[in-house]
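Participant: Have a look at this one.
The values are calculated or read from the model by the stated rules, or taken from the named source; none is laboratory data. What you see is a predicted model; the values in this text were computed from it and never measured. Neighbour counts run over all protein chains shown; Cβ positions are idealised from the backbone, glycine included.
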Amino acid sequence: IYGLSKYSVKPRDNLLGGLLTADFDQGSCLSRYQSSLYRKPSPYKTSEYLVSKLRNYEMLHKRCGPGTDSYKRAAEQIGHDHENRNRTVGECKYIVWVAVYGLGNRILTLASVFLYALLTERIILVDQRKDISDLFCEPFPGNSWLLPLDFPLMGQINSFNQEYPCCYGTMLKNHPINSNAIPSHLYLHLLHDYRDQDKMFFCQKEQSFINKVPWLVVKSNLYFIPSLWLNPSFQTELIKLFPQKDTVFYHLARYLFHPTNQVWGMVTRSYNAYLSRADEILGIQVRVFSRQTKYFQHVMDQIVSCTQREKLLPEAAAAQEESQVMNVSKTPKLKAVLVTSLNPDYSNNLKNMYWERPTSTGEIIEIYQPSKERIQQTDKKLHDQKALAEMYLLSLTDKLVTSATSTFGYVAQGLGGLKPWILYTPKKFKTPDPPCGRGVSMEPCFLNPPAHGCEAKKRINTAKIVPFVRHCEDLKKNGLKLV
Ligand code: GDP
């Protein structure tokens, strides 16, 4: 079955240099072992420190995860806050991730919450009521990462918001926190509409209180890892874990996100049928943020102008050159273009363009768009599976064009280790000039980061604190990314 894969010639280290544990049964999750056959050898080494931290985490997860005595004891504490004024934290502390917003958002926040768990020695558990287990294999050996359905707060989680008395930002807002009364749980509101008080979560002083709370429940749609690097108590550890700072999502994603066999089947069938024979694969991710996923001519023009200007795709030959380019005798290069979009018309137009006229270089251009879903249908199983398969396919390309501020594109670029060409956000329905620019790193952008320091409330430029956290190319004023 690997016969068609481009990179299957040499035996490959399918545990990614120790990033993945050998303690899994291969058949249950083929993507974990086969993905290296579809990728170029990684130029980014995993640090030994990260490997040992992950193995320690796996042991802790086994000891504290669902079904263990530690889990039962910790879950029983919930709802008994008044009897436990002088709570001592047991061996196991937890952070619960709740699925909100689209799949790209979910993947970025899962990675962020997992890194926070690694740094603070908590166990990550994920709310399984949405379709997470149809998308990803279990990442940790020996125990599940799914939050048991009988978790005591399960009935309330959906209604957690800034009004909830145990919302950390709300507690800070209402009264000074009494550090002797440790609650059994806190709700962390890390969504784009968060207040200054919610953002205090990222500060060193606040972390020493939060650290004592056995259960944290988070709702987030933000890739908040850059702000963890700005907290001095995490920074030293982060530098040891990720000596190359722009590889954080890359390594975490390759460790955590292994598509289920169903999704992996979609990935490999697409790849083997349409992409594997190409000399080069270009990915183009088209995301238009509007209520209807209408076709816009200025976006089509932007795609053509960007790909031709950046020499990612050839221009059409002029009429008088036509017979010349058609006469080339040597085997022409085959370039496959994988387009992903909710709308089918961008790829249809590209396909027509390269059918109607030959290319100036004589290259053969093949255009392929796997799904044409038209509308976002988050939480519908097959729709989400297709979205994941497409993000994954984009990550297998050689060069990638993405749409500005789309977490769907961020996942693809991060997983693939690709610095994308970013299609800038059009203003007033016009093609921007320049239409696109090269990203400075493969890391996702933290959209909407805190714009204030921890001690003084006054606004500071958080992109000027350390050289490796900067503004994003696609959101120059209000985004932070690792470079
Ligand atoms: P973002 O909104 O671009 O940041 O990305 P999200 O992934 O969080 O949310 C967009 C959702 O719309 C995706 O998860 C999919 O459900 C759907 N979607 C958007 N673009 C595409 C696409 O190119 N292909 C597929 N299959 N689904 C898409």
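Participant: Limited to segment 261-288, what total is found for residues that are away from the ligand (no atom under 16 Å from the Cβ) and surrounded by fewer than 21 Cβ atoms within 10 Å (Cβ to Cβ)?
Facilitator: Count: 7.
Participant: Consider segment 18-34. How many of its residues are part of a helix (DSSP H, G or I) and in contact (Cβ under 8 Å) with a residue 12 or more places away in the chain?
Facilitator: Residues meeting the conditions: 8.
Participant: Of the residues that make up segment 242-258, is at least one of a type outside the set (A, V, I, L, M, F, W, C) and under 21 Å from residue 368 (Cβ atoms)?
Facilitator: No, segment 242-258 contains no residue that is of a type outside the set (A, V, I, L, M, F, W, C) and under 21 Å from residue 368 (Cβ atoms).
Participant: Return only the number of the condition from (1) out of contact with any helix residue (DSSP H, G or I) (no Cβ under 8 Å at 6 or more places or on another chain); (2) over 17 Å from residue 138 (Cα atoms); (3) at pLDDT 95 or above; (4) assigned to a loop (DSSP other than H, G, I, E, B) that residue 52 does not satisfy.
Facilitator: It fails just one condition, (4).
Participant: Just the residues that are without any contact (Cβ under 8 Å) to a residue 40 or more places away in the chain and among the hydrophobic types (A, V, I, L, M, F, W, C), please, taken from segment 375-408.
Facilitator: Matches in segment 375-408: 382 only.
Participant: Looking at segment 414-421, is at least one residue modelled with pLDDT of 95 or more, away from the ligand (no atom under 11 Å from the Cβ) and either over 16 Å from the mean Cα position of the chain (by Cα) or among the aromatic types (Phe, Trp, Tyr) (or both)?
Facilitator: Yes, because at least one residue in segment 414-421 is modelled with pLDDT of 95 or more, away from the ligand (no atom under 11 Å from the Cβ) and either over 16 Å from the mean Cα position of the chain (by Cα) or among the aromatic types (Phe, Trp, Tyr) (or both).
Participant: Let me ask something else. Residue 398 versus (1) away from the ligand (no atom under 14 Å from the Cβ); (2) among the acidic types (Asp, Glu); (3) touching a Lys or Arg at 6+ places or on another chain (Cβ under 7 Å): which is the lone unmet condition?
Facilitator: In the conditions (1) away from the ligand (no atom under 14 Å from the Cβ); (2) among the acidic types (Asp, Glu); (3) touching a Lys or Arg at 6+ places or on another chain (Cβ under 7 Å), residue 398 misses (3) alone.
Participant: Which of the residues spanning segment 421-454 are without any contact (Cβ under 8 Å) to a residue 40 or more places away in the chain and either aromatic (Phe, Trp, Tyr) or in a loop (DSSP other than H, G, I, E, B) (or both)?
Facilitator: 428, 433, 439, 451, 453 - these are the residues of segment 421-454 that are without any contact (Cβ under 8 Å) to a residue 40 or more places away in the chain and either aromatic (Phe, Trp, Tyr) or in a loop (DSSP other than H, G, I, E, B) (or both).
Participant: A further question on this structure: Looking at (1) under 26 Å from residue 131 (Cα atoms); (2) at pLDDT below 95, which one does residue 103 not meet, given that it meets all the others?
Facilitator: Every listed condition holds for residue 103 apart from (2).
Rundown of residues vs (1) under 29 Å from residue 406 (Cα atoms); (2) surrounded by 16 or more Cβ atoms within 10 Å (Cβ to Cβ); (3) not polar (S, T, N, Q), yes/no style:
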{"site": "95", "(1), (2), (3)": "yes, yes, yes"}
{"site": "98", "(1), (2), (3)": "yes, yes, yes"}
{"site": "111", "(1), (2), (3)": "yes, yes, yes"}
{"site": "159", "(1), (2), (3)": "yes, no, no"}
{"site": "169", "(1), (2), (3)": "yes, yes, yes"}
{"site": "196", "(1), (2), (3)": "yes, no, yes"}
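Participant: Among residues belonging to segment 455-483 that are in a strand (DSSP E or B) and in contact with a Lys or Arg (Cβ under 9 Å, 6 or more places away or on another chain), point out the one that is surrounded by the most Cβ atoms within 10 Å (Cβ to Cβ).
Facilitator: Checking each candidate, the answer is 481.
Participant: Within segment 395-435, track down each residue that is of a type in the set (Val, Ile, Thr), crowded, with 24+ Cβ neighbours inside 10 Å and out of contact with any Gly (no Cβ under 6 Å at 6 or more places or on another chain).
Facilitator: Correct list: 401 only.
Participant: So if I check each of 323, 341, 305, which one is within 16 Å of the ligand (Cβ to nearest atom) and of a type outside the set (Lys, Arg)?
Facilitator: Result of the check over 323, 341, 305: 341.
Participant: Of the residues 330, 351, 335, only one is under 28 Å from the mean Cα position of the chain (by Cα) and either in contact (Cβ under 8 Å) with a residue 40 or more places away in the chain or not assigned by TED's automatic domain parsing to the domain that holds residue 127 (or both); which?
Facilitator: 335
Participant: Here's a follow-up. Scan segment 97-121 for residues that are touching a Pro at 6+ places or on another chain (Cβ under 9 Å) and either acidic (Asp, Glu) or away from the ligand (no atom under 16 Å from the Cβ) (or both) and jot them down.
Facilitator: 114 - this is the single residue of segment 97-121 that is touching a Pro at 6+ places or on another chain (Cβ under 9 Å) and either acidic (Asp, Glu) or away from the ligand (no atom under 16 Å from the Cβ) (or both).
Participant: For segment 242-328, list the helices (runs of 4 or more DSSP H) that sit wholly inside it and hold at least 1 residues that are modelled with pLDDT of 95 or more; which are they?
Facilitator: 248-256, 261-270, 297-309
Participant: Tell me the residue from 294, 311 that is surrounded by fewer than 15 Cβ atoms within 10 Å (Cβ to Cβ), closer than 23 Å to residue 422 by Cβ and away from the ligand (no atom under 16 Å from the Cβ), please.
Facilitator: 311
Participant: Determine which member of the set 150, 193 is part of a loop (DSSP other than H, G, I, E, B), under 22 Å from the mean Cα position of the chain (by Cα) and without any contact (Cβ under 8 Å) to a residue 40 or more places away in the chain.
Facilitator: 193
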